[in-house]
1. Which order results if Thr195, Thr145 are arranged by neighbouring Cβ count within 10 Å, fewest first?
2. Taking one equal scatterer on every alpha-carbon of the stretch 6-227, how large is log10 of I(q)/I(0) by Debye at q = 0.09, 0.12 1/Å?
3. From Cα pairs below 8 angstrom and at least 6 apart in sequence, can you work out the relative contact order of the stretch 6-227, rounded to a whole percent?
4. Rounding to the nearest 20 debye, state how big the charge dipole of the chain is about its Cα centre with +1 on each Lys and Arg Cβ and -1 on each Asp and Glu Cβ.
5. Shape verdict for the stretch 40-167, please, from the Cα gyration tensor: rounded (a/c under 1.5), prolate (a/b greater than b/c) or oblate.
6. With the Cα gyration tensor of the stretch 163-228 giving a ≥ b ≥ c as the square roots of its eigenvalues, does the rule (a/c under 1.5 for rounded; else a/b larger than b/c for prolate; else oblate) give rounded, prolate or oblate?
7. Which of Cys107, Cys128 has the fewest other C-beta atoms within 10 Å, and how do the rest follow up to the most?
8. Positive end of the dipole of the stretch 6-227, charges at C-beta (+1 Lys, Arg; -1 Asp, Glu), about the Cα centre: which of Ala31, His97, Tyr211 has its Cα farthest in that direction?
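Just so you know, all these numbers are worked out from the coordinates, no wet-lab data involved. No experiment lies behind these values; they were computed from the predicted model shown. Neighbour counts are summed over all protein chains in view; Cβ atoms, including those assigned to glycine, are modelled from backbone coordinates with ideal geometry.
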Amino acid sequence: MPASPTAVLVGENLKARNDRQAVVNREYFRAAGVVALNLLSSPGSGKTALLERTLSEFGQRRRVGVVVGDLQTDNDARRLAGRGGPVVPITTGTVCHLEADMVARACAGIDLAGLDLLVIENVGNLVCPASFDLGEGARVVVLSTTEGEDKPLKYPRAFKTAQAVVVSKTDLAAAAGFDRDAALANIHAVAPQATVFALSARTGDGLGRWYDYLDGLVEGRRRSADAG
């Protein structure tokens, strides 16, 4: 029996609808003068811990807000609340990724013009989120030292679409037997375009360079707005 074309059309329509909303989001962010950053990783990579320090420290010199995607709870959003910037949770239920319309609805409650940087913490997953444009200006993938060195080879699309890769939990690298050189070689092979950061949110090692990168994104948006 030939496969039904309906399922393909549904998938295509869903993706097309998302891409149209992503265009709207991107213009919305541009008009507000805010840099939107889509943060992807597998579960347990340490991206929420990274955001805790980013809000507390980088947030002292730039205005930062966060949209937090999670399947069932608002635990991550509650961890991030009270650190100086707006935090809006999105509970996706059975959906394993954020979509552009979810982000649009969440941003309706944020004064984007009052921010320099909006971080969208995607659902913990390296498969589905990689296929959905949220209208972000930059995409960052977090890879922890406890996950092994071959994640870029297993989930190449997430890394190929990223402007930056964060190697997190460097303080656990020795205990985990993490091969830094092999991991970097895999990242560069799959995502030669990506800027790579190695850091520890627990110890603070490497965070200065990460904050400089975020500063550069904000300044680049300002220069673009001035030129326009």
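1. Ordered from fewest to most neighbouring Cβ atoms within 10 Å, Thr195, Thr145 come out as Thr195, Thr145.
2. For the requested q values the scattering log ratios are -0.34, -0.61.
3. 24
4. Approximately 240 debye in magnitude.
5. Prolate, because a/c is 1.5 or more and a/b exceeds b/c.
6. oblate
7. Arranged by neighbour count, lowest to highest, Cys107, Cys128 become Cys128, Cys107.
8. Ala31
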